[in-house]
Amino acid sequence: MSKRKNNKEKQIISTQRVVDHGEVFTSTREVNAMLDLVKDETERIDSRFLEPACGTGNFLAEVLTRKLNIVESRYKKNQLEYERYALVAVCSLYGIDILEDSIKECRNRLLVIFQERYKLLYGKSSKKECIKSIDFVLKKNIIRGNALDLKTIGEHPQPIVFSEWSPVNGSMIKRRDFEFHELLSAAQSNELPLFSDLGEDVFIPEPIKEYPLTHFLRLADAE
Ligand SMILES: C[S@@+](CC[C@H](N)C(=O)[O-])C[C@H]1O[C@@H](n2cnc3c(N)ncnc32)[C@H](O)[C@@H]1O
């Protein structure tokens, strides 16, 4: 099969999905060209990215790859540091899509990108808990929802909630949940990035839930 055909197949799954949901995936070449416009941010480990109609995560996958390249070049000699910063990289990526299968594929794709590199680096000493924490964060950050009304999909749609994950004292993580519409209002009224707490005269959104500090390898056990 030609490469061209492969690429084409990747961009469109079915005509019906294009008609129903406008599902045409962006090619790797275009993704990279667009990300290069904000190259420094894509290489900043904790710089947050939201893909609001993420499909299977073409942008998120490339941002994760770029961030993990940086994590690897700086921290691979120290496994614990590598794990901490790889988790911070994953925590910085957010996605929404209306289609359940795309959301599942997106989460899995990002997990596999991490897992393959991690296992290649550390082999038998790679930790199940680390993969479990990454998987947990992806389930929270990559959400099935409607990016237009900012609600989840289902019988009882709820406001989309995103978690802010902040590293504290090295290995601990502070998690705070925010309703996405609040974050958007704050970002729009202050013209600031999501989750920013800069300045005094800005509208700072209130979290709807705060979690106790949790070790980054035990994130999944803390809910
Ligand atoms: C043009 S594709 C882009 C996918 C991906 N961002 C990319 O660049 O490869 C549009 C995506 O938007 C999703 N979508 C359509 N309506 C949506 C809505 N109201 N809320 C969230 N996602 C939606 C589709 O399922 C599809 O995955």
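Screening the range 157-180 for residues that are open to solvent by 60 Å² or more (accessible area, probe 1.4 Å) and modelled with pLDDT of 95 or more and picking the one that is farthest from Thr214 (Cα to Cα) gives Pro157.
Scanning the range 29-57 for residues that are within 22 Å of Phe162 (Cβ to Cβ), open to solvent by 60 Å² or more (accessible area, probe 1.4 Å) and either part of a helix (DSSP H, G or I) or among the hydrophobic types (A, V, I, L, M, F, W, C) (or both) yields Val38, Glu41, Ala53. Taken as a whole, the condition of being polar (S, T, N, Q), within 18 Å of the chain's Cα centre (by Cα), surrounded by 13 or more Cβ atoms within 10 Å (Cβ to Cβ) and at pLDDT below 95 applies to Ser196. The residues of the range 98-147 that are in contact with a strand residue (DSSP E or B) (Cβ under 7 Å, 6 or more places away or on another chain), open to solvent by 50 Å² or more (accessible area, probe 1.4 Å) and not in a helix (DSSP H, G or I), listed by number, are Ile98, Arg144. When every residue of the range 119-135 is checked against the conditions, at least one turns out to be away from the ligand (no atom under 16 Å from the Cβ) and on the phi > 0 side of the Ramachandran plot.
Pairs are defined by a Cβ separation below 7 Å, a sequence spacing of at least 6 or placement on different chains, a first member in the range 154-166 that is under 18 Å from Leu50 (Cβ atoms), and a second member that is part of a loop (DSSP other than H, G, I, E, B); the pairs so defined are Pro159/Leu150; Ile160/Leu150; Val161/Ile208; Glu164/Phe195. Only residues that are within 11 Å of the ligand (Cβ to nearest atom) and within 15 Å of Ser92 (Cα to Cα) were counted across the range 24-44, and they come to 0. If you go through the range 45-65 and pick out every residue that is among the charged types (D, E, K, R) and more than 16 Å from the ligand (Cβ to nearest atom), you end up with 2.
The values are calculated or read from the model by the stated rules, or taken from the named source; none is laboratory data. Because the structure is predicted, anything quoted here is derived from the model rather than measured. Ideal geometry is used to build each Cβ from the backbone, glycine not excepted, and the neighbour counts take in all protein chains shown. Side chains are part of the model used for accessible areas, which takes the heavy atoms of the whole protein and leaves out ligands, DNA and RNA. Shrake-Rupley method; radii C 1.70, N 1.55, O 1.52, S 1.80 Å.
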